[in-house]
Amino acid sequence: MSRYFYYHIVLVALLNLMLFVPHILIQYRYHGAMTSMAISVVVGTGLCLMFMSIMSKYPGQGLPEILNRFLPRAVTLPFMVFMAVMWIIGPSIAVVSYAVLINRFINPDTSPILVLVLLCAVCLYAATRPTMTIIFLIEMGLVLNLPLIVFILFKAVRNDAINWDAIHTVANYWTQMPKWNAIGAASYIFTGYANLAVYNRAMPPNVRIRHRWTIPLIGMLVLALTFFVPIGFHGTESVDDYLYVWSMTADSMIMSYGFIERVIFVFLIMYLNLTLIYTASGWHQAIEFLKGLAKDYKPEIDGVPMKKAGMIIGAAIVAATVLYLYFFNEKITFRLSEYWLGFRLVVEIGTVGFLFVLVRKGKTRS
Amino acid sequence: MRGKGLLAVLLLAVLLLPLAGCGFKDIDKRFFIVALGIDAADEGKGFKVTLRLAVPSPKIEPGSALSEVKTIQAPTIAEAVRLAKSHVDKELDFGHCKVFVLGEKLVKKNYTDVMEWMSRRRDIQSVAYLSIGRPDAQSIVKIAPKTERYPGNALFLAFGVDGTESSYSISTYLFDFNRRYGEHGMDPVLPLIRKDPQEGDYFISRIALLDKSKMVMLLTPQESQLYNQIANRFGKSTIKATIEEENIVLAANSVSSSYKIMSDQDGNQKLRLKMKISGLFEEAPLGIYEKDWHKLEQTLSEQTEAQIKRMLVKIQKAGIDPFGFGLKYRATHAGNDQTWKTWQKIYPELEFDVKVNVHVEGTGLSR
């Protein structure tokens, strides 16, 4: 069963590109990106392991049930709304920036709003399915897409065009002080564990998640690829000029004898799949949190038939996302992403720390 | 329940309605631009843009390539390309434009405007080839070689590794040019395409070195080959030496090069370039087999060392850094802004210590 946990870790780690993580880190490349990445590996792994050990004490229960166990509803309700909002923002940024990306690279004549509506319709349908379905959706999506993504990454690293001197130069800036926004962005790679907040409901009792030592390794590997490969391709200075730095990096590779010469189109399709899965999974959690507000709500991981409430909440999220794109541009999205990533780290540290204290106190009392 | 599902499907279908008539135009209603030349305007400010448009044709055989050339003048490149649309009947598509030729005069003046335009356009591939055209871009783009199988193919093949691999030319991708354009400690290089007035053909045998805004110098074909051997470790090349007034040419099978920047006891910075070249004699007087190969190797090494040193000093005097020595320095010294400033002071006074090690594998088929 532990593979279902690692799917979340890998999915979220790979999706960092859609949330401008490389772009943010590259901005700080001379001002503490290296140290921030090092700190984020420690912080991210620590949070991940703590949260895992807390949740493993309550198999088959999500965060809402655990909170309700210890705290009065008056406290948990606003908290759950807050968590739901945090879970809506990330995936919404991803799907919005993907809609803009399609407009820029694939079809400039279609309005991004229209693309977004179509993407959201798919995500809404998926997000309102039962938890079990989403878990299998993530598994299938990753199994289908991961080989090609790994192939592209491998091709990138082994490419002659990479200038290792540029990578070396940036790596030399490891004496700079870390910056909060850079830590926030880098630690996002590890944030897949937070998905246990809802998906823990599907975890059977007495399951120990094995191979925990791979978590910092996966994180470090993804971080290094995300940050250094664009620098190798675009140099230490020009790399900062690109808005979609990884799309440009994919465009800098060719497969002369592949049936599509330009790698960027394969890359975009792969990331379209990942973004849709990520958004569906993120929104599903937000919906579950909001459903939990109702007094008589009983969490079901395989509930058939579907409840109407999920559809209504999901539609509201979609409406908010579409309205967001209507009113704001990519510049604001980028800023929002940067602040959300930084703030998210605060919330995660707060939540995990709070839960840790809560669970320990709860134990001593009983 | 079934009715509801049907309703949902209908709703989704309605969403698809506005998609009709959007960007997807049929292939026979498109003109594919295969090469684009940019020159400075003949008079006054502005640009002259030359487009080579492929005419879709069912035949693929040498000589059957049909294409049309349009030249438009406008104050900016973007306007020129827009104006080009009013000269043709089909939609212009940059998706297959793999070669960009910049006029020599324009590059000698200032190329930054061109860069800005190219890096902003979404449909220009980052893997397009960039080059300089002499006498100008227009005349290069206009040339349609007789051997072309499909429009633009000859230029693509000249630069890619699928066709000819000449040791006298390099291929510069747009993203690589952009990287060097911004980089501290590495300057852009571009191949120069020259028109052969007699044959009505073009050839690429020299490399142009640029600084951050314009072209600074041109390497001779000989130097271009040396550049290729040092920077790209290009095998399939030659080295030449004169021994007792006889030319001998060694065809290199493998070339390796590495360099280090080090300071000697007095604090003077020195660049130590080490090269290893091994190959077979391709042209040498008969009887070379009997001679002392070791001596031949030494002479070849010494003469190549001198050639390389002369070239490096020439490039250094011009104040440019096409090899990326500066980046190497930054990569091997402490990471702070001071390093780059120090390098800028070091480079004009940098000494070169070139060690070439030639290895003769054999004398070819004859003695």
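The values are calculated or read from the model by the stated rules, or taken from the named source; none is laboratory data. If you're wondering where the values come from, they're calculated on a predicted model, not measured in any experiment. Quick reminder, even Gly has a Cβ in these numbers, built from the backbone with ideal geometry, and neighbours come from all protein chains shown. What goes into the accessible areas is simple: the full protein's heavy atoms, side chains included, and nothing from ligands, DNA or RNA. Shrake-Rupley method; radii C 1.70, N 1.55, O 1.52, S 1.80 Å.
Details
- Filter result for B:GLY200 (open to solvent by less than 10 Å² (accessible area, probe 1.4 Å) and at positive phi): no
- Filter pass, A:ILE152 being over 16 Å from the mean Cα position of the chain (by Cα) and outside any helix (DSSP H, G or I): no
- Taking the listed residues A:LYS298, A:LYS307, A:LYS331, the one that is closer than 30 Å to A:MET50 by Cα and of a type in the set (Lys, Arg) is A:LYS298, with no other qualifying.
- Residue count for region B:328-361 under the criterion of being small (Gly, Ala, Ser) and open to solvent by less than 10 Å² (accessible area, probe 1.4 Å): the result is 2.
- Complete set of residues in region B:135-164 that are within 14 Å of chain A (Cβ to nearest Cβ), open to solvent by 60 Å² or more (accessible area, probe 1.4 Å) and in a loop (DSSP other than H, G, I, E, B): B:VAL161, B:ASP162
- Checking the stated criteria, A:GLN27 turns out not to satisfy the condition of being more than 27 Å from A:PHE228 (Cβ to Cβ) and out of contact with any strand residue (DSSP E or B) (no Cβ under 6 Å at 6 or more places or on another chain).
- B:ARG82 vs. criteria assigned to a loop (DSSP other than H, G, I, E, B) and charged (D, E, K, R): no
- Subset of region B:92-131 that is within 11 Å of another protein chain (Cβ to nearest Cβ) and among the aliphatic types (A, V, I, L, M) - its residue that is farthest from the chain's Cα centre (by Cα): B:ILE124
- The set of residues from region A:214-255 being over 19 Å from B:PRO188 (Cβ atoms), outside any helix (DSSP H, G or I) and either open to solvent by less than 30 Å² (accessible area, probe 1.4 Å) or at the interface with chain B (Cβ under 7 Å from one of its Cβ atoms) (or both) comprises A:MET253, A:ILE254.
- Residue tally, condition aliphatic (A, V, I, L, M) and within 14 Å of another protein chain (Cβ to nearest Cβ), over region B:324-367: 3
- Residue match in region B:108-127 (condition: under 20 Å from B:SER224 (Cα atoms) and surrounded by 21 or more Cβ atoms within 10 Å (Cβ to Cβ)): no
- Among the residues of region B:234-278, just one is touching a residue at least 12 places away in the same chain (Cβ under 8 Å) and at positive phi, namely B:LYS236.
One line per residue, one yes/no per condition, for (1) within 14 Å of chain B (Cβ to nearest Cβ); (2) more than 20 Å from A:VAL10 (Cα to Cα); (3) at pLDDT below 90:
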position: A:PRO64; (1), (2), (3): no, yes, yes
position: A:ARG69; (1), (2), (3): no, yes, yes
position: A:ARG73; (1), (2), (3): no, yes, yes
position: A:ILE88; (1), (2), (3): no, no, no
position: A:PRO91; (1), (2), (3): no, no, no
position: A:ALA94; (1), (2), (3): no, no, no
position: A:ASP109; (1), (2), (3): yes, yes, yes
position: A:LEU118; (1), (2), (3): yes, yes, no
position: A:MET140; (1), (2), (3): no, no, no
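Matching residues to (1) part of a helix (DSSP H, G or I); (2) in contact with a helix residue (DSSP H, G or I) (Cβ under 7 Å, 6 or more places away or on another chain); (3) assigned by TED's automatic domain parsing to the domain that holds B:ASP211; (4) within 20 Å of B:GLU223 (Cα to Cα):
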| residue | (1), (2), (3), (4) |
| --- | --- |
| B:GLN265 | no, no, no, no |
| B:LYS276 | no, no, no, yes |
| B:PRO285 | no, no, no, no |
| B:GLU305 | yes, no, no, yes |
| B:ILE308 | yes, yes, no, yes |
| B:VAL313 | yes, no, no, yes |
| B:ARG330 | yes, yes, no, no |
| B:ILE346 | yes, no, no, no |
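- Residue within region B:240-250 that is open to solvent by 30 Å² or more (accessible area, probe 1.4 Å) and touching a Phe, Trp or Tyr at 6+ places or on another chain (Cβ under 9 Å) present: no
- Residue in region A:1-9 that is within 27 Å of A:LEU144 (Cβ to Cβ), part of a helix (DSSP H, G or I), in contact with a helix residue (DSSP H, G or I) (Cβ under 6 Å, 6 or more places away or on another chain) and not hydroxyl-bearing (Ser, Thr, Tyr) present: yes
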